[in-house]
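Chemist: Take this structure first; my questions come after.
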Amino acid sequence: MAMFFPGESHTFSEYLLVPGYSSSECVPANVNLKTPLVKYRRGEEPSISLNIPMVSAIMQSVSGEKMGIALATEGGMSFIYGNQTPESEAAMVKAVKDHKAGFVISDSTLTPDMTMQDVMDLKEKTGHSTMPVTEDGTAHGKLLGIVTSRDYRPSRDNPQMKVATFMTPREQLIVGDKDITLKRANDVIWDNKLNALPVVDENDHLVGIVFRKDYDSHKSNPNELLDANKRYMVGAGINTRDYEKRVPLLLEAGADVLCIDSSEGFSEWQKRTIEWIRAAYGDEVKVGAGNVVDGDGFRFLADCGADFVKVGIGGGSICITRETKGIGRGQATALIDVCRARDEYFEETGVYVPVCSDGGIVYDYHMTLALAMGADFMMLGRYFARFDESPTARVNVNGQYMKEYWGEGSARARNWQRYDLGGASKLAFEEGVDSYVPYAGSLKDGVNATLYKIKSTMCNCGSLSIKELQQKARLTLVSSTSIVEGGAHDVVVKDRNHQTVSYQ
């Protein structure tokens, strides 16, 4: 008869951390969140580590080049989505690798025949007041001029006047060449009292812009995840079908790590993919695999040569795999089981294969729980989809700003490769939904707030590193009544925006 796993399958919300002794050293500023990304042998250091335990999901609605740059700036890594042609994915990877820290790619570019109304509309959409003017309106077109808020007066000027009539023309601009360093660019800005310095190539095409305001922010990013050449590090998703074509292009573009993107990784397809990569590139190319939900799945992928293993089936906020196929496992239970197998594998072989928790994160505290349960880092979709840097549109829904967010198994994405079982090249049925998530502003602000919560909770557990948290953490299951008790209850919560109270 069928095998039955003992006990129930639990989610993160069914657990709480029990505080431990906190010494005077246990303050958030002393917490180190560095964590291994790829496997390593006992006594050695991993070839790649993350400075924060966060990577972005391999999804169209999450991980483009902007996400890659923003997340690497904070110390994490983005995995560029693979549900596109190998050439376009490689171009996104290259854009991240070619991006110089402090050199901004414009998302508010004008053409000379646009109007002042267009400028105001674009400013409302992006929040940016400095806009380059290029010949074709692209971020890397030939530079013709620049527009700032000082160049027009909405209260007096005709909204239909052309950009060409009020922009500062190219011949009046001070620019930097494409090989200029950030230090030199900042010197030019300060010496000439500029707010922005356009950087152009030998054909006068715009490469990027260095802003005065970014000088201090660059100095305040000590966690930047950089390779040996001081370039941002970035990952890329691959599938089990076209890897022979896709992998070489991604590596040529500079991808630091690959990850097989699949809803279920305990399969011969992933074994074949890893074997091909090892035969072609040896151990030099780093590739993660998954997803699995038990120790057997972990051991299979570890034996295949995976550099890290992702855990989670059906726990994502836009995933409906469990309700459509009845496949999966509660994320907390799956993670505990896999991490136990990871530790056993390390004891037996001396090889430590990091575990990535993928899915099931609803609240920030769930991330601390995932780390305490053994995860080395988390792959996050909904969390990152909310920020400015995700590639989706910001829309107004019933008076509230939202960001679009859809699953790779939805009819919108139709990522059949992710759910490939060797059959026809199509998505036979949906395993994801198309949705919205509340807009949350900039990634930097959101991530910093989340990391502070994680560090603070780690201090409550007497831990100053992720490894120490995993050793010292004490967890307890909670009842449904206890979950209710954990939030605001038995009070009328004030609505600070609308409630008026009269005091007698």
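The values are calculated or read from the model by the stated rules, or taken from the named source; none is laboratory data. Quantities reported herein were computed from a predicted structural model and do not represent experimental measurements. Note: ideal-geometry Cβ built from the backbone for every residue, glycine included; neighbour counts use all protein chains shown. Keep in mind that these areas ignore ligands, DNA and RNA; they rest on the heavy atoms of the full protein, side chains included. Shrake-Rupley method; radii C 1.70, N 1.55, O 1.52, S 1.80 Å.
Chemist: Would you check which residues across the range 1-34 are in contact with a strand residue (DSSP E or B) (Cβ under 8 Å, 6 or more places away or on another chain) and polar (S, T, N, Q) and list them?
Modeler: Result: Asn32, single match.
Chemist: With the range 266-369 as the region, which helices (runs of 4 or more DSSP H) entirely inside it contain at least 1 residues that are open to solvent by less than 40 Å² (accessible area, probe 1.4 Å), modelled with pLDDT of 95 or more and in contact with a strand residue (DSSP E or B) (Cβ under 9 Å, 6 or more places away or on another chain)?
Modeler: Numbers: elements: 268-281, 295-304, 321-325, 331-349.
Qualifying helices (runs of 4 or more DSSP H): 268-281, 295-304, 331-349.
Chemist: Right, next: Can we say Thr130 is of a type outside the set (A, V, I, L, M, F, W, C), open to solvent by 10 Å² or more (accessible area, probe 1.4 Å) and under 26 Å from Asn221 (Cα atoms)? Let's see the steps before the verdict.
Modeler: Working: of a type outside the set (A, V, I, L, M, F, W, C): yes; open to solvent by 10 Å² or more (accessible area, probe 1.4 Å): yes; under 26 Å from Asn221 (Cα atoms): yes.
Yes, satisfied.
Chemist: Being at pLDDT 95 or above, within 28 Å of Gly290 (Cα to Cα), exposed (fewer than 13 other Cβ atoms within 10 Å of the Cβ) and out of contact with any strand residue (DSSP E or B) (no Cβ under 7 Å at 6 or more places or on another chain), is that true of even one residue in the range 456-472?
Modeler: yes
Chemist: Mind counting the residues in the range 1-21 that are of a type outside the set (A, V, I, L, M, F, W, C), within 21 Å of Ala370 (Cβ to Cβ) and assigned to a loop (DSSP other than H, G, I, E, B)?
Modeler: Taking the range 1-21 as the starting set, the residues that turn out to be of a type outside the set (A, V, I, L, M, F, W, C) are 6-11, 13-15, 19-21.
Restricting the remaining residues to those that are within 21 Å of Ala370 (Cβ to Cβ) gives 7-11, 13-15, 19-20.
Still in the running and assigned to a loop (DSSP other than H, G, I, E, B): 7-11, 19-20.
Of the residues in the range 1-21, 7 are of a type outside the set (A, V, I, L, M, F, W, C), within 21 Å of Ala370 (Cβ to Cβ) and assigned to a loop (DSSP other than H, G, I, E, B).
Chemist: Taking the range 157-171, which residues are under 16 Å from Pro112 (Cα atoms), touching a residue at least 12 places away in the same chain (Cβ under 8 Å) and exposed (fewer than 15 other Cβ atoms within 10 Å of the Cβ)? Can you show your working first?
Modeler: First, the residues of the range 157-171 that are under 16 Å from Pro112 (Cα atoms): 158-171.
Now restrict to residues that are touching a residue at least 12 places away in the same chain (Cβ under 8 Å): 158-164, 166-170.
Within the range 157-171, Asn158, Pro159, Gln160, Met161, Thr168, Pro169 meet the criteria.
Chemist: With the requirement that a residue be farther than 18 Å from His128 by Cα and of a type in the set (S, T, N, Q), what does the range 144-175 give you?
Modeler: Within the range 144-175, Ser155, Asn158, Gln160, Thr165, Gln172 meet the criteria.
Chemist: For the structure I just gave you, tell me whether Tyr232 is open to solvent by less than 20 Å² (accessible area, probe 1.4 Å) and in contact with a strand residue (DSSP E or B) (Cβ under 8 Å, 6 or more places away or on another chain).
Modeler: Values: open to solvent by less than 20 Å² (accessible area, probe 1.4 Å): yes; in contact with a strand residue (DSSP E or B) (Cβ under 8 Å, 6 or more places away or on another chain): yes.
Yes.
Chemist: Let me spell it out: the conditions are (1) open to solvent by 20 Å² or more (accessible area, probe 1.4 Å); (2) outside any helix (DSSP H, G or I); (3) over 23 Å from Gly64 (Cα atoms), and Glu224 meets all of them except one. Which number is the exception?
Modeler: (3)
Chemist: Please go through the range 80-107 and give me each residue that is surrounded by fewer than 18 Cβ atoms within 10 Å (Cβ to Cβ), over 22 Å from Asn239 (Cα atoms) and in contact with a helix residue (DSSP H, G or I) (Cβ under 8 Å, 6 or more places away or on another chain), ordered by number. Lay out the reasoning, then the answer.
Modeler: Just the residues of the range 80-107 that are surrounded by fewer than 18 Cβ atoms within 10 Å (Cβ to Cβ), to begin with: 84-85, 87-88, 91, 98, 101, 105, 107.
Checking which are over 22 Å from Asn239 (Cα atoms) leaves us with 98, 101, 105, 107.
Those that are surrounded by fewer than 18 Cβ atoms within 10 Å (Cβ to Cβ), over 22 Å from Asn239 (Cα atoms) and in contact with a helix residue (DSSP H, G or I) (Cβ under 8 Å, 6 or more places away or on another chain): Ala101, Ile105, Asp107.
Chemist: Sort out which residues of the range 178-188 are more than 21 Å from Asp136 (Cβ to Cβ) and touching a residue at least 12 places away in the same chain (Cβ under 8 Å), and write them in order of number. Before the answer, list the steps.
Modeler: Filtering the range 178-188 down to residues more than 21 Å from Asp136 (Cβ to Cβ) leaves 179-188.
Listed by number, the residues that qualify are Ile180, Leu182, Ala185, Asn186, Val188.
Chemist: Are there any pairs with C-beta distances below 7 angstrom linking a residue in the range 387-405 that is farther than 16 Å from Tyr81 by Cβ and in contact (Cβ under 8 Å) with a residue 12 or more places away in the chain to a residue that is β-branched (Val, Ile, Thr) and surrounded by 14 or more Cβ atoms within 10 Å (Cβ to Cβ), with the two at least 6 apart or on different chains, and if so which?
Modeler: Pairs found: Met402/Val437.
Chemist: Give me a count of the residues in the range 30-86 that are out of contact with any Asp or Glu (no Cβ under 7 Å at 6 or more places or on another chain), of a type in the set (A, V, I, L, M) and in a strand (DSSP E or B).
Modeler: Of the residues in that region, 4 qualify.
Chemist: State whether the residues of the range 399-415 include one that is open to solvent by less than 20 Å² (accessible area, probe 1.4 Å), at pLDDT 90 or above, on the phi < 0 side of the Ramachandran plot and of a type outside the set (Ser, Thr, Tyr).
Modeler: So far as the range 399-415 goes, yes, one or more of its residues are open to solvent by less than 20 Å² (accessible area, probe 1.4 Å), at pLDDT 90 or above, on the phi < 0 side of the Ramachandran plot and of a type outside the set (Ser, Thr, Tyr).
Chemist: Could you pull out the residue among Gly328, Gly360, Gly350 that is touching a residue at least 60 places away in the same chain (Cβ under 8 Å) and either within 29 Å of Gly64 (Cα to Cα) or under 24 Å from the mean Cα position of the chain (by Cα) (or both)?
Modeler: Numbers: Gly328 fails: touching a residue at least 60 places away in the same chain (Cβ under 8 Å); Gly350 fails: either within 29 Å of Gly64 (Cα to Cα) or under 24 Å from the mean Cα position of the chain (by Cα) (or both).
Criteria check complete, one pass: Gly360.
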